Amino acid sequence: MKKYFAVIDTNVIISSQLSSREDSPVVLIWNYIVDGLLVPLYNEDILFEYEQVLKREKFGFPEEAVRTIIDAIKLRGEKCDCIETTLEASDPDDNFFLGVMASREDSFLVTGNLKHYPKIDRILSPIEMVWLIESSGDNGSTVNEPHSFYL
């Protein structure tokens, strides 16, 4: 089974937990993470942002759900350094996502906000990442079995 490595933008994590559609690309991304097909790359800055956004009152996630989501990312993911890169996001506060992506040559950045990042082939929308994984023919995934950690 081929594994893919990607930094997952915060908006994809949030959307995957809020979506009610099991076939939604963001839900499929979450399922790939849980199934071990997609290895989320992270550092402390990324985990901190995930946690801060997941705790926003407007999303209504209980504290234990936030902890479970963060723990799942740490368990399934790979901690990486943020390295210098010439790539820049439209919001400089998001540059650490690019720096973590740059730490592995075989990695991607998956975001629902493509316009916020440079147009390069390693930065994909959730549906593009799903297409990449599904087109490999060796995904071994259980995409019909949603894995929501906050329910």
task = Determine if the range 79-97 includes at least one residue that is under 20 Å from Val26 (Cα atoms) and assigned to a loop (DSSP other than H, G, I, E, B).
result = no
ask   = Restricted to the range 1-60, and to residues that are outside any helix (DSSP H, G or I) and of a type in the set (Ser, Thr, Tyr), which residue is farthest from Ile127 (Cα to Cα)?
value = Tyr42
Out of Asp9, Asp23, Asp35, sole residue that is touching a Phe, Trp or Tyr at 6+ places or on another chain (Cβ under 7 Å) and acidic (Asp, Glu) = Asp9
task = Report yes if Val26 is modelled with pLDDT of 95 or more, of a type outside the set (S, T, N, Q) and in contact with a strand residue (DSSP E or B) (Cβ under 7 Å, 6 or more places away or on another chain), otherwise no.
result = no
task = Name, by its number, the condition in (1) buried (at least 16 other Cβ atoms within 10 Å of the Cβ); (2) at pLDDT 95 or above; (3) farther than 30 Å from Gly137 by Cβ that does not hold for Asp71.
result = (1)
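For every residue, the table says whether it meets (1) buried (at least 16 other Cβ atoms within 10 Å of the Cβ); (2) touching a residue at least 60 places away in the same chain (Cβ under 8 Å); (3) more than 21 Å from Tyr4 (Cα to Cα).
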site: Val26; (1), (2), (3): yes, yes, no
site: Leu41; (1), (2), (3): yes, yes, no
site: Glu49; (1), (2), (3): yes, no, yes
site: Arg56; (1), (2), (3): no, no, yes
site: Gly60; (1), (2), (3): no, no, yes
site: Cys80; (1), (2), (3): yes, no, no
site: Leu114; (1), (2), (3): no, no, no
request  = Evaluate the range 83-95: report whether one residue or more is within 20 Å of Tyr32 (Cβ to Cβ), in contact (Cβ under 8 Å) with a residue 24 or more places away in the chain and crowded, with 16+ Cβ neighbours inside 10 Å.
outcome  = no
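The values are calculated or read from the model by the stated rules, or taken from the named source; none is laboratory data. Keep in mind that what you see is a predicted model, and the values were worked out from it rather than measured. Using ideal geometry, Cβ is built from the backbone for each residue, glycine included, and neighbour counts are taken over all protein chains shown.
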